[in-house]
Amino acid sequence: MARNSLIIILFLLSQLLQAQVNRYAVFFSDKDGTPYSIDQPEAFLSTQSIERRQQQGIAIQENDLPVNPEYIMGIEDAGAEVFYTSKWFNLAIVQMQDELTLNLLDLAYVSEIRLIATDERLVSPGRKKSSWLSRIKSRSTDSQLSQLGINNLHDEGFFGDGILVAVFDSGFEGVNTTSPFSAIFAEDRLIDSFNFVLNSNNVFDLDDHGTEVLSVISAELEDDFLGAAPRSSFVLYLTEDDFSEFPIEEFNWLVAAERADSVGVDIINSSLGYNTFDSPFDDYSPEDMDGNTTVISRAADLAVSKGMLVVTSAGNEGNNSWGIITAPADADSVLSVGSVNVQGILSSSSSNGPTADGRLKPEVVALGASTSVINSQGNLDVSGGTSFSAPLITGMAACIWESKPDLTAMQLRDTIISIGDNFDTPNNQYGNGIPRYGDILITSLETAVGSSIKAFPNPTSSNAITVSGIKYNRPKFVLVDANGNKSALNSQNSDKGSYIIDLGKIASGAYFVEIDLGTKTKTIKVLKR
């Protein structure tokens, strides 16, 4: 805290004669007088978010309450331009002239002001945005899927249906215009998107790193490419500014995680890592990688505490002087992922553990050397690094969670760790090894019914869905809401093994459909838009 305060003082002194606009985090002392209440979470959380908490036994807490709107009005009246707020950290991200910091510090409810990026970057709606193009090469996805046993999950009929995945990255150029991603839009599976770097709704800009990361999870190219969880629904948030490295990107991640929580995200994939910054900001030290120092790592743990699984790249520092993981891979509740090649040999660039407080990292590894991706032109390419091993684990997690929806986020994390091929002798290079969905996991997660049972469309905006793959003549269907309330559903046999189910006039949110097959029961998660 003292280091950041010193940065502000020195920066203000240096700019005294030529005040300019910079970006700051304004921290508030409390949430006193807020119009929001934990007893009425529907005022600030979506139905899906509330249901996720209820399903996992997670209570609504004070840090779920939004920032007091009167505090926001107060700093705006003082001349700050407010772009984002963080309820978890009780702060606002603003752009303002440097001399306004003293005015804001005079406000009784402002406890700290921290410089987080130099210059004016965030734009109001209507300002012109920049754009640039990218990269690379090509290969099949068979190796990267089979290395984790994701092909086995696909063979069982699990492709991530009903799982909402958020991808935080530096840009998704080409996702909205190329055919490998077209099914996401055709099936209305892009639930939310936002560009936190420029404060705009356009995430299909600036960079294609996020495009390639997303493709590992979601893209489909007939006979050539299949993502790990291509039937998942998605949230795309642009949090990383590829043109600079400032602490504001950690704050972007924080507010994106809160928004992901609010819309009901199940899994966050973050192929980002922080350890060094541009001037005038100090770099982190290895001692800061303790899971409790950096903003982004604390935010990641908070996201997990809300019932989301956070999968993050371990970092690509293995070949340089830093060597170890980057934030937020040091957070204790995330699933950090290292990189191996197709033979399972650790990539020399993959960041090592342990954390500064001695915890093992990374947790698992996956293919990050010549990972097959789709680029911004919609073509097959290859890319490398832990940025691409992380989304493979995310896709695997989405398929497993579809197969076993009663798991909590931490149970899912622990399950993936437990099936690593190095679980008995973990180390700080390879972690628990390569997790593979095979006979052991199939046995432990088996729902004892035909695993080919599927629901579509999912998510749905209508009051009816079709369930297929049922090998029982008299199934009964029951709808379960977030409070555990059950109601029988009417169904009509439309084809052999397929039934049209009337969901009734239900509100938007996440539900479970229990399918009674006589001696066995199957549960399917359904998202109603």
Give the Rg/Rh ratio for segment 180-287, taking Rg as the radius of gyration of the Cα atoms and Rh as the Kirkwood radius, to two decimals. 1.01
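For segment 130-273, report the accessible area per residue in Å² (1.4 Å probe, heavy atoms, rounded to an integer). Mind showing how you got there, number by number?
On the way: 3990 Å² over 144 residues.
Result: 28 Å² per residue.
Using 0.36 nm per residue of separation minus the Cα-Cα distance, give me the extension gain between GLN97 and ASP424 in nm, one decimal.
Working: separation 327, 0.36 × 327 = 117.72 nm, distance 5.59 nm.
Gain in length upon complete extension: 112.1 nm.
Would you mind calculating the relative contact order of the chain from Cα pairs under 8 angstrom and at least 6 residues apart, reporting the percent as a whole number? Mind showing how you got there, number by number?
Working: 1274 pairs, mean separation 76.9, N = 529.
Averaging sequence separation for qualifying contacts and normalising by length gives 15 percent for the chain.
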Starting from the Cα of GLN377, step 7 Å along the direction of its Cβ; do the same at ASP283; then give the gap between the two resulting points in nm. 3.6
Label model pair ASN292, THR177: point-to-point distance (7 angstrom along the Cα→beta-carbon line) in nm is 4.9
Computed [θ] at 222 nm, deg cm²/dmol, the chain (DSSP H ≥ 4; -39,500 (n - 2.57); rounded to nearest 500): -7000 deg cm²/dmol
Answer check: segment 298-441, Cα atoms, Kirkwood Rh, Rg/Rh ratio of 0.96
Gain upon complete extension [SER143, PHE456; 0.36 nm per residue less C-alpha separation]: 109.8 nm
Give the calculated FRET efficiency between GLN492 and ASP406 to the nearest 0.05, with a Förster radius of 25 Å applied to their Cβ-Cβ distance. 0.35
Gyration tensor over alpha-carbon atoms, the chain, equivalent ellipsoid semi-axes in Å: 39, 28, 21
In the chain the accessible area split gives carbon plus sulfur, as whole percent at 1.4 Å, a share of 49
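For GLU42 and ARG474, what does the FRET efficiency come to when R0 = 41 Å and r is the distance between their Cβ atoms, rounded to the nearest 0.05?
Values: r = 38 Å, r/R0 = 0.92.
Efficiency for this residue pair is about 0.65.
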Cα long-axis angle, helix 2-14 against the chain (0 to 90 degrees, to the nearest 10): 50
Quick one: if the Förster radius is 35 Å, what FRET efficiency do ASP106 and THR276 give, using the C-beta to C-beta distance and rounding to 0.05? 0.55
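Which order do the peptides 383-391, 36-44 come out in when sorted by mean C-beta neighbours inside 10 angstrom, highest first?
Values: 383-391: 27.3, 36-44: 12.8.
Averaged packing, sorted descending, gives the order 383-391, 36-44.
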Fraction in percent of alpha-carbon pairs per bin - 10 Å, segment 371-410: 26, 38, 25, 11
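Taking a threshold of 21 Å on the Cα-Cα distance, which of the pairs LYS404/LYS505; LYS471/LYS505; LYS361/LYS404; LYS496/LYS522; LYS87/LYS306 fall above it? Mind dumping the intermediate values first?
On the way: LYS404/LYS505 26 Å; LYS471/LYS505 28 Å; LYS361/LYS404 26 Å; LYS496/LYS522 18 Å; LYS87/LYS306 13 Å.
LYS404/LYS505; LYS471/LYS505; LYS361/LYS404, as the Cα separations exceed 21 Å there.
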To the nearest 10 degrees, how steeply does helix 209-218 sit against the main Cα axis of the chain, on a 0 to 90 scale? 20
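The values are calculated or read from the model by the stated rules, or taken from the named source; none is laboratory data. Keep in mind that what you see is a predicted model, and the values were worked out from it rather than measured. In this analysis, Cβ positions are derived from the backbone assuming ideal geometry, glycine residues included, and neighbour counts consider all displayed protein chains. We work out accessible area using only protein heavy atoms, side chains counted, and drop any ligands, DNA or RNA first. Shrake-Rupley method; radii C 1.70, N 1.55, O 1.52, S 1.80 Å.
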